[in-house]
Number of protein chains: 6
Amino acid sequence: DFKMSLEEIKPQFGVDQSGFDNRLSGGFIDYGAGFNTLHEDCKALVENLKNSETTSLLSVLLSGERGAGKTAFAAKIAMESGFPFVKMITPEDFVGYSEAGKLAKITKIFDDAYKSPLSLIVLDDIERLIEFIHIGPRFSNHILQALLVLVKKKPSNKDRKLFIIGTTSIKSILSELDLVDGFNVNIKLPLLKEKEEIVEVLNSISDDEATNQDIATACPNIPIKELILIAEMAIQKGGGVLSTDIFLECYETTR
Amino acid sequence: DFKMSLEEIKPQFGVDQSGFDNRLSGGFIDYGAGFNTLHEDCKALVENLKNSETTSLLSVLLSGERGAGKTAFAAKIAMESGFPFVKMITPEDFVGYSEAGKLAKITKIFDDAYKSPLSLIVLDDIERLIEFIHIGPRFSNHILQALLVLVKKKPSNKDRKLFIIGTTSIKSILSELDLVDGFNVNIKLPLLKEKEEIVEVLNSISDDEATNQDIATACPNIPIKELILIAEMAIQKGGGVLSTDIFLECYETTR
Amino acid sequence: DFKMSLEEIKPQFGVDQSGFDNRLSGGFIDYGAGFNTLHEDCKALVENLKNSETTSLLSVLLSGERGAGKTAFAAKIAMESGFPFVKMITPEDFVGYSEAGKLAKITKIFDDAYKSPLSLIVLDDIERLIEFIHIGPRFSNHILQALLVLVKKKPSNKDRKLFIIGTTSIKSILSELDLVDGFNVNIKLPLLKEKEEIVEVLNSISDDEATNQDIATACPNIPIKELILIAEMAIQKGGGVLSTDIFLECYETTR
Amino acid sequence: DFKMSLEEIKPQFGVDQSGFDNRLSGGFIDYGAGFNTLHEDCKALVENLKNSETTSLLSVLLSGERGAGKTAFAAKIAMESGFPFVKMITPEDFVGYSEAGKLAKITKIFDDAYKSPLSLIVLDDIERLIEFIHIGPRFSNHILQALLVLVKKKPSNKDRKLFIIGTTSIKSILSELDLVDGFNVNIKLPLLKEKEEIVEVLNSISDDEATNQDIATACPNIPIKELILIAEMAIQKGGGVLSTDIFLECYETTR
Amino acid sequence: DFKMSLEEIKPQFGVDQSGFDNRLSGGFIDYGAGFNTLHEDCKALVENLKNSETTSLLSVLLSGERGAGKTAFAAKIAMESGFPFVKMITPEDFVGYSEAGKLAKITKIFDDAYKSPLSLIVLDDIERLIEFIHIGPRFSNHILQALLVLVKKKPSNKDRKLFIIGTTSIKSILSELDLVDGFNVNIKLPLLKEKEEIVEVLNSISDDEATNQDIATACPNIPIKELILIAEMAIQKGGGVLSTDIFLECYETTR
Amino acid sequence: DFKMSLEEIKPQFGVDQSGFDNRLSGGFIDYGAGFNTLHEDCKALVENLKNSETTSLLSVLLSGERGAGKTAFAAKIAMESGFPFVKMITPEDFVGYSEAGKLAKITKIFDDAYKSPLSLIVLDDIERLIEFIHIGPRFSNHILQALLVLVKKKPSNKDRKLFIIGTTSIKSILSELDLVDGFNVNIKLPLLKEKEEIVEVLNSISDDEATNQDIATACPNIPIKELILIAEMAIQKGGGVLSTDIFLECYETTR
Ligand SMILES: Nc1ncnc2c1ncn2[C@@H]1O[C@H](COP(=O)(O)OP(=O)(O)OP(=O)(O)O)[C@@H](O)[C@H]1O
Ligand SMILES: Nc1ncnc2c1ncn2[C@@H]1O[C@H](COP(=O)(O)OP(=O)(O)OP(=O)(O)O)[C@@H](O)[C@H]1O
Ligand SMILES: Nc1ncnc2c1ncn2[C@@H]1O[C@H](COP(=O)(O)OP(=O)(O)OP(=O)(O)O)[C@@H](O)[C@H]1O
Ligand SMILES: Nc1ncnc2c1ncn2[C@@H]1O[C@H](COP(=O)(O)OP(=O)(O)OP(=O)(O)O)[C@@H](O)[C@H]1O
Ligand SMILES: Nc1ncnc2c1ncn2[C@@H]1O[C@H](COP(=O)(O)OP(=O)(O)OP(=O)(O)O)[C@@H](O)[C@H]1O
Ligand SMILES: Nc1ncnc2c1ncn2[C@@H]1O[C@H](COP(=O)(O)OP(=O)(O)OP(=O)(O)O)[C@@H](O)[C@H]1O
Ligand SMILES: [Mg+2]
Ligand SMILES: [Mg+2]
Ligand SMILES: [Mg+2]
Ligand SMILES: [Mg+2]
Ligand SMILES: [Mg+2]
Ligand SMILES: [Mg+2]
């Protein structure tokens, strides 16, 4: 059952975790072997940093299409790290902020992290943090420059460790902006492409395995976000029951 | 008779609805089967959100040419929702505002919405909200970035529901600006293209069915806004009577 | 005699009309059938709005080359409307204003208009109001956006009526700026192109019909502004008498 | 002798004329028939305005290459006008001014002019006033827009007359900036191109007619500014005497 | 053993050296003949300046790819100089600074240097200091202009000596920005390209010479930064032992 | 001997000359006939202005490649002028200044100059004063416009004389920026290209004529700045003696 309790994965030391709870409130599905490997890789990197005698900074860039589940994945890693300082830097907290205000808040979070023995910071949706838009293109160079430096800046005290997870759906552009180079490790979160993966997700929403199989065959390469939303809409429309036809109908209207 | 009372569709809980009243003061015409389907689809989405256990945010982008009736349609949906918090964010309220002032007001409205159990926000004429102009092109990146985040940001409290309706007449450009992706559902409101649709609208203005038929034949693919204005002008010119000739004369002068 | 008294066409209710008086201080010549038709059309539109039960906003865009007489024409319509609130928004009143100051003043005038039962606003020389220049091109996007909204914004009170006249000599560019679409009606004021039109204007300045005919033959397609200025210069040079030769001489020096 | 007294051409009514005195301190040479015609034409325009019953604003744009003598010519016309209010608006007075400060000062001068029965304003070196530079191109759009309006704005009081002289060495660019159209009359001040013109200027500096003839033959199409400077340098170098060889030597070093 | 004590190379006179200590906290490896030559060359230049009677300013630009070890190298030279004033100007200290704030701090450091008899300033990561980004391209022209002047400005007092080391990984662009010309000497720090160089570095981390040889053969042209990080990760993964296979695995994940 | 005393060429009247002293502290070498001619020409121009009855402003633009000796040359002319007011406007004094602050200081210096009977101002490194950079290109238009006016603005009092020397290494760009036209005279300072010139400079540093001849043959077309620096480095490296081999070695490292 995927409605597992989140209690088990909360960090221990009074950490501000509202941002993470919210992200994982719908539960977290480990939807297959490929996904699991990525999950384990990331956890290993966190352990690496924790145990290293010399490395004090490790950074991972998580890329993938819109709705692939990047933010949820990053939140999961953060919750499981058990680090006393975990913090999500997300554009949702910056709506209406001036560039200077945003910059000050980001800087403050990193400064706080440098004071904790073990810290994990998620830089969520980097394109939104730097206010990137293709037309122009335009972006906040001040925030970009700050991130370029911050992802490479080690805590000045040798005993402090910092793990950084960045998420983006436009990795190729971040690369042009010199930001990809700054991360030590690159991980790509794919869409749901194997039939079994899609079935696995649907199983956690509806019990009718046959229907789930049908749907999975009809909609390959779907973002998990879209899959869950459409399934919900279809169940409502179907009076509590998920049918392939209604699912496909809803699938069309969201295109 | 299309001069139906608006009283019936007012939201119940003391909501600020001046913006909506004004938009619908000329009455609301359900001008045919195609239009009715769109109307019902939208109402169903609102119901979906209201009843969902897991979905807390649903957003619809309403596109269509200038004068197609988008704002009136959005206002109608809002009035019919029965949600305690309904609010129209319209460029008409921002004339003379600075970018910062505009941003502050938009943010405030969303923050208020997050505090209500059921909220509906109309982002009217998004191109004007972001001050878009083709030459350049120029637009307020700050407001665009805020909208990019706001249309995807769920209320932090799981029990709060938010329905967002955006309207635009330049969907392809909003798409380049990454804003279309942010909406869950896309609906296109077409011009009056079937003869019956035009007749239906004219019937609500003048009783002479034959003339209405003539006019409908002569002017296919007309925005409802233009149709109503020209009919009014023609009736005045005709001393209270609508004739095809005078209608076509007025039709010419507005080109 | 074209030196008719302006007293008769002043609005009745203590309206600020300095702007209009000044524009018409040289008198107003109805120089032919074509011109007269435009004049009557405009007056009819004003009447339309006054008498309409449903229409609360009507807007006309007056285009034509530099010196064609657009501002004078708009002032004339305004004076003849008899509306209690008539106001000219002209770049001449904004010299040295900041963008914000300009915006505030424009907004104020519209807000005042919304409080009057019948209002007429002239947006004179829109390209100058938005500080447009071809090189770049550059313009004030803030003021443009305000105008884009204002020309379409109805008074919130259903009993208030607003008539807007815009003038421009670069209609094709305003069209690219999406501003032409915002106006309900488009009227083009041509240069003086018929011989009789030119003679009509000259008759109001000098009595020698034969000479006036000669000049009219020599200078087709002249802006009324230029025609009147050159005639004045020629009369001075000719010691109070208008001769074709001197007129043509002056005509050359102003090219 | 060209060292004629300036006393005779000073305006009568306590006008601020330091700007003009300075410009003409080296004397003013009427160097030939062509030049004289331009001079008389301008004086006639000033008289025209003074005597006109209907024209309240007349504007002249004086164009010509760098050093052609435009500013001196404009100053001369201003001094000779006898107008109680004559004022030169020159970039030399604006060094170190902000755009806003510059704008305020220009506006102030025009406002003062509107209060005087007869005013003459010189807008000297318009390209510098608007801070134009070819690369970009860049210029102050605010100041340009102010000038675009000011050169066409009549004094609001019918009894006030305003004469405006603009000078520029880049007329074709001012034309692209829509500024040339705003002037009623266009006058081009040529370089010294006739041999007699050059000799006339040299005569006022040195008495040796033969040498002056030689030099004039060797250097056609020279700006008067350059001619006078080089002659001075050559006389110094020649120990008080002007020789063709030394003149040509100096002529080379200034290329 | 490369864990040599840093005590020996600390400057004597109470210099602020936190920046340098931090950079060299992982030890400093002299990994071969080529590297050693560069090291000696730089030390000679420092000595040159110290002993010169006439030269008061010497500047070196250190270029090389990301992670080549430029900052560590510059820090090493600085520590070994024995100069009483050594200071690193690094973007890491400027996160969240405004352009003006950054400029003020840079200026202050140079002003302090001019007051010390012997000073050494490291301008680390110049592209970050000037906030350069390829898209646009964009950069802070104010900071660039300050650096253009500062790298050439001699202490006003003849007895003061200043040594400047700049580091960059985009020398060709700094060249377009006229900044390379400003430095007296150019030094390029290559990647680890000789097999012996790589082995030398690995020896300082792990004792198994054979494995080190294998790895060196497999990964030519690697930045020292990457080499050290991957080796650390591999050792952790290998339970404290470095194996070629695990190294290459980690090598892949960081691509 | 080129270590001549600077005492003899200091201006007499308590002038601020720190800027000039500093520039010439290494002595000044008159390295050949070509150089001497330029020197004499400039001195003659200064004398010209001093003695002229009519000319009150003379300006010279000194161009030449980086390190050609422009600033030293300008400082020399300034020191030898004997003018009571001599001032160097150099970017070195503006590091960290805002555009407005820089503008104010430049304006102040010129205003002070207008109050002195004889003034000489050096506008050193004009490209740096206007913050020019090729990419874009970018520059401070405000400062450029100020310089465009200031180099042509005569002291308002006829008895005041002002000599201006500008230096630049990008004359062709200053020409595009209309700044070259503003100067009365253009002088180009070439690199050291004749063998004798190079020998002359080396003689002032080392006594071994044969070696100096060898070096001069090997390095034609060298900037004097580079020649002196390399010679110094080579002497140090050679233990106090200048040898051709070591010179060429140092010559390579600075490329
Ligand atoms: N592994 C998962 N298990 C359960 N739900 C998931 C999982 N991954 C994502 N989701 C759900 O899908 C939604 C979208 O996921 P998420 O926001 O993490 O995607 P994203 O890649 O960050 O999208 P975006 O590109 O828009 O930022 C989330 O609200 C979450 O409920
Ligand atoms: N369904 C309808 N019934 C009655 N009147 C309508 C209807 N739709 C639109 N109208 C009328 O047409 C006018 C224009 O409609 P509306 O402003 O909604 O169009 P729009 O598509 O939002 O236009 P724009 O692109 O300019 O924003 C409204 O003032 C309204 O009176
Ligand atoms: N119908 C008319 N009767 C008499 N005079 C007129 C008439 N139309 C214009 N004029 C005169 O011509 C002058 C120029 O007219 P006006 O300013 O209205 O032209 P415009 O088209 O607005 O010019 P611009 O394009 O420069 O704004 C006015 O000063 C006015 O005196
Ligand atoms: N007609 C004249 N008689 C005597 N001197 C003149 C005359 N015209 C110009 N000069 C002299 O030539 C100099 C340059 O003239 P002026 O400044 O008027 O030229 P300009 O065309 O305005 O130059 P710029 O294009 O640089 O502004 C003046 O200082 C003045 O002394
Ligand atoms: N010679 C060396 N000996 C030991 N460790 C070194 C040496 N050079 C570099 N390192 C290590 O490699 C890491 C990266 O080096 P450094 O930061 O100096 O490279 P860089 O060229 O400045 O990189 P960037 O281009 O990112 O600024 C340092 O943290 C340091 O620990
Ligand atoms: N004639 C000279 N005699 C002696 N030394 C000189 C001479 N000219 C230049 N130098 C020396 O060369 C150095 C560089 O000269 P200077 O700064 O004048 O060159 P520049 O052309 O102004 O260079 P830049 O283009 O970088 O501004 C000076 O520090 C000075 O010591
Ligand atoms: Mg996300
Ligand atoms: Mg609308
Ligand atoms: Mg007009
Ligand atoms: Mg001039
Ligand atoms: Mg570095
Ligand atoms: Mg120099």
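A few notes on this one:
- Of the helices (runs of 4 or more DSSP H) lying entirely inside region C:118-221, those containing at least 1 residues that are at pLDDT below 95 and over 20 Å from B:ARG255 (Cβ atoms) span C:195-203, C:209-218.
- Pick from region E:192-223, criterion closer than 17 Å to E:ASP30 by Cα and of a type in the set (Val, Ile, Thr), ranking: surrounded by the fewest Cβ atoms within 10 Å (Cβ to Cβ): E:ILE205
- So A:GLU80, is it over 18 Å from B:HIS142 (Cα atoms), more than 9 Å from every other protein chain (Cβ to nearest Cβ) and either away from ligand 9 (no atom under 16 Å from the Cβ) or of a type in the set (S, T, N, Q) (or both): yes
- Residue in region C:129-141 that is at the interface with another protein chain (Cβ under 9 Å from one of its Cβ atoms), touching a residue at least 40 places away in the same chain (Cβ under 8 Å) and more than 20 Å from the chain's Cα centre (by Cα) present: yes
- If you check D:LYS87, D:LYS76 for being at pLDDT 95 or above and out of contact with any strand residue (DSSP E or B) (no Cβ under 7 Å at 6 or more places or on another chain), only one passes: D:LYS76.
- Filter result for D:LYS3 (modelled with pLDDT of 95 or more and open to solvent by 40 Å² or more (accessible area, probe 1.4 Å)): no
- Within region D:124-137, not a single residue is within 21 Å of F:ARG138 (Cβ to Cβ), open to solvent by 20 Å² or more (accessible area, probe 1.4 Å) and touching a strand residue (DSSP E or B) at 6+ places or on another chain (Cβ under 6 Å).
- Verdict on E:ASN141 being polar (S, T, N, Q) and within 16 Å of ligand 6 (Cβ to nearest atom): no
- Within region E:34-71, considering residues that are of a type in the set (Val, Ile, Thr) and part of a loop (DSSP other than H, G, I, E, B), the one surrounded by the most Cβ atoms within 10 Å (Cβ to Cβ): E:THR55
- Residue list for region F:6-22, filter: open to solvent by 50 Å² or more (accessible area, probe 1.4 Å) and either of a type in the set (Asp, Glu) or modelled with pLDDT of 80 or more (or both): F:GLU7, F:GLU8, F:ASP16
- Selection within region B:37-59 - touching a residue at least 40 places away in the same chain (Cβ under 8 Å) and farther than 22 Å from B:ASN157 by Cβ: B:LEU38, B:ASP41, B:CYS42
One line per residue, one yes/no per condition, for (1) under 22 Å from A:LYS43 (Cβ atoms); (2) within 14 Å of another protein chain (Cβ to nearest Cβ); (3) small (Gly, Ala, Ser); (4) more than 22 Å from the chain's Cα centre (by Cα):
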| residue | (1), (2), (3), (4) |
| --- | --- |
| A:SER156 | no, yes, yes, yes |
| A:SER175 | no, yes, yes, no |
| A:ASP178 | no, yes, no, no |
| A:ASN186 | yes, yes, no, no |
| A:LEU192 | yes, no, no, no |
| A:ILE228 | no, yes, no, no |
| A:ALA234 | no, yes, yes, yes |
| A:VAL241 | no, no, no, yes |
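- Candidates B:VAL86, B:VAL95, filtered to the one that is open to solvent by less than 40 Å² (accessible area, probe 1.4 Å) and in contact (Cβ under 8 Å) with a residue 60 or more places away in the chain: B:VAL86
- So E:SER169, is it under 18 Å from the mean Cα position of the chain (by Cα) and polar (S, T, N, Q): yes
- Members of region C:138-169 that are open to solvent by 30 Å² or more (accessible area, probe 1.4 Å) and under 27 Å from D:ASP181 (Cβ atoms): C:ARG138, C:HIS142, C:SER169
- E:ASP111 vs. criteria assigned to a helix (DSSP H, G or I), surrounded by fewer than 17 Cβ atoms within 10 Å (Cβ to Cβ), in contact (Cβ under 8 Å) with a residue 24 or more places away in the chain and away from chain A (no Cβ under 14 Å): no
- Every residue from region C:83-108 that is under 23 Å from C:SER175 (Cα atoms) and either more than 8 Å from every other protein chain (Cβ to nearest Cβ) or within 16 Å of ligand 3 (Cβ to nearest atom) (or both): C:MET88, C:ILE89, C:THR90, C:PRO91, C:GLU99, C:LYS102
- Test: B:LEU45 is within 11 Å of chain A (Cβ to nearest Cβ) and within 16 Å of ligand 7 (Cβ to nearest atom): no
The values are calculated or read from the model by the stated rules, or taken from the named source; none is laboratory data. Small disclaimer: the values here were computed from a predicted structure and weren't measured. Here Cβ is always computed from backbone atoms with ideal geometry, including for glycine, and neighbour counts include all displayed protein chains. Each accessible area value is taken on the protein alone, full model and side chains, heavy atoms only, with ligands, DNA and RNA left out. Shrake-Rupley method; radii C 1.70, N 1.55, O 1.52, S 1.80 Å.
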